[in-house]
Amino acid sequence: MIKKVLVSALLAGFALNGSVANAADTEINIYSARHYQTDEALYGNFTKQTGIKVNRIEAKEDELLERLRNEGANSPADVFITVDASRLAFADQMGIFAPVKSEVLDKRIPAHLRATNWYSYSKRARVIVYNKDLVQGDQVQTYEALADPALKGKVCTRSGSHPYNLSLGAALIQHNGAEKTEQWAKGIVANFARAPKGGDTDQIKAVAAGECGVAIANSYYLARLMNSTKPEDQAVVAKVVAVWPNQKTSGTHINVSGAGMLKNAPNKGAAVKFLEYLASDEAQTYFADGNNEWPVVEGVKVSNAALDKLGPFKEDTLSIGKLADTVGEAQKIYDRAGYR
Ligand SMILES: [Fe+2]
């Protein structure tokens, strides 16, 4: 016991190296804003491989962050998992994470999908879907094109302040500049078929129903409908066409699920082991496929009928950690443009 305390105390002030940090920790406490069926196998296999018991608290992102804030230095949480770069950036700005030093993670996770204090573990793309009875395919090949006055009354998205749209705006600012992004946001608002409401799946359904001509949605929502055996979902899929946006320019906007070690983690060694485990071939498959996403580690493949059908595409390779730099500006631009 004394030894354990000493080891923890010694390690607390340092960025941890996976090879030296694994002596004491026999348990790990994970706060996760992400849950899918395959997560059971994911966590079970980690325990099988390492003997480290996993305790999980799953809740909405805001609740978990509030909990971390209240618990402060006494928090039992070791790792925080959530989705979306702008949410991860927000959590990071709260100062909850501590940097990890891991050769495994540096080697396995591509540099542009690593932030200073957290790592990406699965990728999703922000795609365009359209109804070919209402718009021409060549009108909707880029995010920028959705602001074209030719699409007046045709465009649908979820709320502009949703993290998915803020991350997209943050990326557009980095590619096109703030001024052009503001013009773009105004153009999107001027083109709305209806005021933003619902989630991404609702936008896809509204495109199928003809209420909207074109919409933006995360790829996994579309893939989920494609993989669904429900006739009503198949009817939606039959009505929409998917586009990989910006193939001739920046590439399609990529977002991620991610995780990081918490600053006050009592089991820092176990936390590093877990973060490294999430980058293993096996965990990558579970983590990505559970939500119809792509693994971040190169060479790891998921066998997913919808993703296979959607095929390969050119990804935007902007640094996911640097999106944080322009998320706040994106929110201000959207507010001024009335993109709510
Ligand atoms: Fe989502």
I need the full set of residues from the range 89-140 which are basic (K, R), part of a strand (DSSP E or B) and open to solvent by 10 Å² or more (accessible area, probe 1.4 Å), in order please. K101, R114, K123
Out of everything in the range 197-226 that is of a type in the set (D, E, K, R) and open to solvent by 10 Å² or more (accessible area, probe 1.4 Å), what residue ends up being farthest from the ligand (Cβ to nearest atom)? E211
Please go through the range 286-340 and give me each residue that is open to solvent by 20 Å² or more (accessible area, probe 1.4 Å), part of a loop (DSSP other than H, G, I, E, B), charged (D, E, K, R) and within 14 Å of I254 (Cα to Cα), ordered by number. K314, K322
Here the residues within the range 65-88 that are open to solvent by less than 10 Å² (accessible area, probe 1.4 Å), part of a helix (DSSP H, G or I) and either more than 16 Å from the ligand (Cβ to nearest atom) or more than 21 Å from V256 (Cα to Cα) (or both) are L65
Could you tell me how many of the residues in the range 21-60 are among the acidic types (D, E), modelled with pLDDT of 95 or more and touching a helix residue (DSSP H, G or I) at 6+ places or on another chain (Cβ under 8 Å)? 1
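How many residues, within the range 141-152, are open to solvent by 10 Å² or more (accessible area, probe 1.4 Å) and part of a helix (DSSP H, G or I)?
Keep residues of the range 141-152 that are open to solvent by 10 Å² or more (accessible area, probe 1.4 Å), which gives 141-142, 144-145, 147-150, 152.
Next, only the ones that are part of a helix (DSSP H, G or I) stay: 144-145, 147, 149-150.
Number satisfying all stated conditions: 5.
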Scan of the range 153-163 for residues that are within 16 Å of the ligand (Cβ to nearest atom) and surrounded by 24 or more Cβ atoms within 10 Å (Cβ to Cβ), ordered by number: T157
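May I ask you to say which residue of I81, I96 is farther than 10 Å from W118 by Cα, β-branched (V, I, T) and touching a residue at least 60 places away in the same chain (Cβ under 8 Å)? Walk me through how you get there before you give the answer.
Details: I81 fails: farther than 10 Å from W118 by Cα.
Answer to the check: I96.
The values are calculated or read from the model by the stated rules, or taken from the named source; none is laboratory data. The structure presented is a predicted model; accordingly, all values stated were derived computationally and were not measured. We place every Cβ from the backbone using ideal geometry, glycine too, and count neighbours over all the protein chains shown. Heavy atoms of the whole protein, side chains included, go into the accessibility calculation; ligands, DNA and RNA do not. Shrake-Rupley method; radii C 1.70, N 1.55, O 1.52, S 1.80 Å.
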